[in-house]
1. Could you count how many residues in the stretch 158-186 are among the polar types (S, T, N, Q) and more than 18 Å from Gly119 (Cα to Cα)?
2. Can Asp234 be described as part of a loop (DSSP other than H, G, I, E, B) and either without any contact (Cβ under 8 Å) to a residue 12 or more places away in the chain or surrounded by fewer than 17 Cβ atoms within 10 Å (Cβ to Cβ) (or both)?
3. Do we have any residue at all in the stretch 33-52 that's at pLDDT below 95 and of a type in the set (Gly, Ala, Ser)?
4. I want to confirm something. Restricting to the stretch 141-196 and keeping residues that are basic (Lys, Arg) and surrounded by fewer than 18 Cβ atoms within 10 Å (Cβ to Cβ), which single residue is farthest from Met23 (Cα to Cα)?
5. Can you pull out the strands (runs of 3 or more DSSP E) entirely within the stretch 63-161 that have at least 2 residues that are of a type outside the set (Gly, Ala, Ser), more than 18 Å from Tyr211 (Cβ to Cβ) and within 14 Å of the chain's Cα centre (by Cα)?
6. As an exercise: evaluate Pro30 against (1) at pLDDT below 95; (2) farther than 24 Å from Gly122 by Cα and give the number of the one condition it does not meet.
7. Which members of the stretch 189-209 meet the condition of being under 17 Å from Asn148 (Cα atoms) and polar (S, T, N, Q)?
8. Can you tell me which residue within the stretch 197-218, out of those that are without any contact (Cβ under 8 Å) to a residue 24 or more places away in the chain and of a type in the set (A, V, I, L, M), is surrounded by the most Cβ atoms within 10 Å (Cβ to Cβ)?
Amino acid sequence: MSTAISTHIVPLTKREDVAEGTMAFHFAKPEDFQFRAGQSVDLTLLDPSETDAEGATRTFSLASAPFEDHLMIATRMRDTAFKRVLRKVPLGLQVKIDGPGGSFVLHRKPEKPAILLAGGIGITPFRSVIRQAAHESAPHQIYLFYSNRRPEDAPFLDALASAAKQNSNFHFVGTMTEIEKSRREWKGETGFIDKNMLTKHLPALQGGIYYVAGPPAMVAAMRSMLVEADVDEDDIRTEEFSGY
């Protein structure tokens, strides 16, 4: 399916907290809007009540899946004019969406497993990919390694863990880097994603396609770690989430 870049004006229909300091925003989905799971849009506030040097447009990965009847983004709520407006405007406010864009989408060859490495809000494109793969009964084996400081900071954590129980092709590995600061019980992995953790949970380190999404420093560290583990650089795809 090819996806054409288009512009739509859509209303904000819902907002919700999905982790401490992280909110999801739902928008009506235009009938003719098509995208592939993992793609992004540019979202522009129209005539916002306040602006700052960062402007009124941001690029967001779509966290909703193509089969769903709405569009959803999720973002860390930093103290910027854009985020303040999005947090407080009345539901029904119209925003401009340009897209879809990007090629951070599931590869075509199902014999190669998809290995998703996510840090924090970098989970958003993967939520879309995982939900769409389950909806389509995609044959790919999908492994998600999801790193956060604490469970409280991890958007969609419980839903992803549940999805792994419902889809035998989807394997979920959550890890917390500051679990000692959490109030929640955690029985998963701890520490940063590294070669030992991948080796423990993957059939093999080589042969799959790696997708890395998260803050720039995390993305750079994961790429270095994979290259040192003799993963083919052509099999590594990355998406940086900076300033969000």
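1. Result for the stretch 158-186: 5.
2. no
3. Yes, the conditions are met somewhere in the stretch 33-52.
4. For the stretch 141-196, the residue satisfying everything is Lys195.
5. Numbers: elements: 70-76, 94-101, 114-119, 142-148.
So the answer is 70-76.
6. Unmet condition: (1).
7. Of everything in the stretch 189-209, just one residue is under 17 Å from Asn148 (Cα atoms) and polar (S, T, N, Q), namely Thr190.
8. The residue in question is Ala217.
The values are calculated or read from the model by the stated rules, or taken from the named source; none is laboratory data. Just so it is clear, the structure is predicted and the values come from calculations on it, not from any experiment. Ideal geometry is used to build each Cβ from the backbone, glycine not excepted, and the neighbour counts take in all protein chains shown.
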